1. Can residue A:207 be described as closer than 22 Å to residue A:259 by Cα, at pLDDT 85 or above, crowded, with 16+ Cβ neighbours inside 10 Å and away from DNA strand B (no atom under 16 Å from the Cβ)?
2. When the residues of segment A:373-388 are narrowed to those that are in contact with a Ser or Thr (Cβ under 8 Å, 6 or more places away or on another chain) and either away from DNA strand C (no atom under 16 Å from the Cβ) or at pLDDT 85 or above (or both), which ends up nearest to residue A:119 (Cα to Cα)?
3. Being within 16 Å of DNA strand B (Cβ to nearest atom), in contact with a helix residue (DSSP H, G or I) (Cβ under 9 Å, 6 or more places away or on another chain) and not small (Gly, Ala, Ser) is the filter here, so list the residues in segment A:343-357 that pass it.
4. Output the residues belonging to segment A:97-118 that are under 13 Å from residue A:189 (Cα atoms) and not polar (S, T, N, Q).
5. Could you list, ordered by first residue, the pairs with Cβ atoms under 9 Å in which the first is in segment A:61-80 and surrounded by 16 or more Cβ atoms within 10 Å (Cβ to Cβ) and the second is acidic (Asp, Glu), at least 6 apart or interchain?
6. Failed condition for residue A:354, given (1) more than 21 Å from the chain's Cα centre (by Cα); (2) surrounded by fewer than 23 Cβ atoms within 10 Å (Cβ to Cβ), with all others met?
7. Kindly list, by first and then second residue, each pair from a residue in segment A:402-423 that is farther than 15 Å from residue A:392 by Cα and without any contact (Cβ under 8 Å) to a residue 12 or more places away in the chain to a residue that is among the aliphatic types (A, V, I, L, M) and within 8 Å of DNA strand B (Cβ to nearest atom), limited to pairs with Cβ atoms under 7 Å and residues at least 6 apart or on different chains.
8. Can you tell which of A:493, A:463 is more than 30 Å from residue A:440 (Cβ to Cβ) and loosely packed, with under 13 Cβ neighbours inside 10 Å?
Amino acid sequence: MDEALLSSLNEAQRQAVLHFQGPALVVAGAGSGKTRTVVHRVAYLIAHRGVFPTEILAVTFTNKATEEMRERLKGMVKGAGEVWVSTFHAAALRILRVYGERVGLKPGFVVYDEDDQTALLKEVLKELGLSAKPGPIKSLLDRAKNRGEAPEALLSELPEYYAGLSRGRLLDVLRRYQEALAAQGALDFGDILLYALRLLEEDQEVLKRVRKRARFIHVDEYQDTNPVQYRFTKLLAGGEANLMAVGDPDQGIYSFRAADIKNILQFTEDFPGARVYRLEENYRSTEAILRFANAVIVRNALRLEKTLRPVKGGGEPVRLFRARDAREEARFVAEEILRLGPPFDRFAVLYRTNAQSRLLEQALASRGVGARVVGGVGFFERAEVKDLLAYARLALNPLDSVSLKRILNTPPRGIGPATVEKVARLAQEKGLPLFEALKEAEGVLPRPEPVRHFVALMEELMDLAFGPAEAFFRHLLLATDYPAYLKEAYPEDHEDRLENVEELLRAAKEAESLMEFLDKVALTARAEEPGEAEGKVSLMTLHNAKGLEFPVVFLVGVEEGLLPHRNSLNTLEGLEEERRLFYVGVTRAQERLYLSYAEEREVYGRTEASRPSRFLEEVGEGLYQVYDPYRNPGPIPPPHRPKPGAYKGGEKVVHPRFGPGVVVAAAGDEVTVHFEGVGLKRLSLKYADLRPA
DNA sequence: TTCAACAAACTTTTT
DNA sequence: GTTTGTTGAA
């Protein structure tokens, strides 16, 4: 590995790899070999700096990134398998599984996913006799947790009434929710990080131990850290400060998760003496694509000055297709993909909202082109999978009433709402967990057999919960006759659903224990079978596309209201984030980039007229081409109208008739341009189609 | 208790 | 246009 390790890197990458102690910020533009740099650096630490693999931590944001880093590290240097590579959440959860009892967690605590969280919130609302919607309250809750603030701190920012509740009421709900979580030994997503942070802050012993395991820390996608993750990182790095933050403020797209790109913008102030390394050479995209991308992002104010330089020259022009409606847009994408031909896994179609995927899927499917939708309803969110997981969670943690309610009558076993109501009341009166109340409910029920049956089943399962995960699920399927239930309940697609169940069993086989399996499942949105993407077009949201690259990218729905999304128009920060999202999409493309928008689009079944995105206007037409295989290319949208004062003199420009020229003088709307072979021309910006060259 | 028919709410993005 | 929840009959 030795010198070959360094020789395959460019100068900037090499400098970063050679960085040894102290804080460092690697500003890594899209496609600049970021992961490569981190992986090499880790290998270099081990091979040449005498650092033990067990002293290195690399944090990523997604499971996908974690896998990739592990994979690349493997075989590069001896002991690479010992490096702690993990997402923030998985790292925090691991710490809590070992030391959680020190912050009052029960040993068998479970992790609630979003659905569970909503379900519990609904229960709380019902219990308090409120009819408010859980959605807005949940986002408030998440915001508080992601920021690491008490809910009270957020309330002061809110209007007197929010989600139909007064501030005081809202606070009641949030407090009651947290109590309920604690009572059932559950953590929601935000809690995982929050508890881990508290543990590190309050327990010197634990902090010391974890720091030993993390003497050299790498944080990937640093621009996406939220305040809790920031504090977590800072605390861990607090000892020797061997922290390497890697990221790109231009790709920060998670502010709705309370990520704050200020964390990366202020890194050098936060960590005095930090070295900064800039990776600006882009290996991924053609020059045409990069020029477009640079023109997009240069409009943002909140950034670190940086220009991506292409390694690949030239390339196909960026193309824009204007569709009449979303159907035509989908048709265009599918036909263009067919025209370019297989292998189809070199194509990706990116969109702003999940709802846009349906038409695209259909258009591709009807032409026999395979597609995989990344994201959407995740594997572990499918009803049948969630059912089985709920049994498992309840078996490990009988306090978990959300899971209990889910499966109490699934498959149907004659325990209806009336029964649940009675048992719930009993639980309340006696202060018992729901499952305990179930055991004692015989007296109050007219027909206790179904309940007795269920309790017996669960007790059986509880005995199996500490054995292998697969055996647990096998027994569960048998004992509940679950496949028969699927057939009954979903006559149309029970076969698909059964397939999912089998998939779950396969996955469970890999796990050490049921608990480990559940933890993994909770933090993994979905697992993709190896080879599943092969030969298929990838469909995904822009958020899901981060970190990926494809030879050909279609970025659809480049419209006002969609990109930028209408909900983000109110603030400058919101708008800039939308622009970054666009930038992220554009920079996924290696060879060809297609953009498209529809002139009208259905929103909840209503058809609305739409206009091309302002981002297209900002970029200017010189950097893309209107493309229309169906009609004659119409007038070029959006009209390019530089404002008076757009030119000062000296700029190179292009005129459709006169060709390339140089601006000699400019006054308001009027510019004087010297064109090669033509001479001086006086033009009005209002009428002349003058573009920057 | 269960199932079917209807109404309403929904869509920004996710570890 | 789709999914989720509510209502009423068997």
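The values are calculated or read from the model by the stated rules, or taken from the named source; none is laboratory data. Source: prediction; values computed, not measured. Neighbour counts are summed over all protein chains in view; Cβ atoms, including those assigned to glycine, are modelled from backbone coordinates with ideal geometry.
1. Here the answer is no, as residue A:207 does not meet what is asked.
2. My answer is A:387.
3. Within segment A:343-357, A:349, A:350, A:351, A:352, A:356 meet the criteria.
4. Passing the criteria: A:109, A:110, A:111, A:112, A:113, A:114, A:115, A:116.
5. Matching pairs, first to second residue: A:61/A:220; A:61/A:221; A:61/A:224; A:62/A:221; A:64/A:528; A:65/A:220; A:65/A:221; A:69/A:220.
6. The one condition residue A:354 does not meet is (1).
7. Once the first residue is farther than 15 Å from residue A:392 by Cα and without any contact (Cβ under 8 Å) to a residue 12 or more places away in the chain and sits in segment A:402-423, its partners that are among the aliphatic types (A, V, I, L, M) and within 8 Å of DNA strand B (Cβ to nearest atom) give A:409/A:415.
8. A:493
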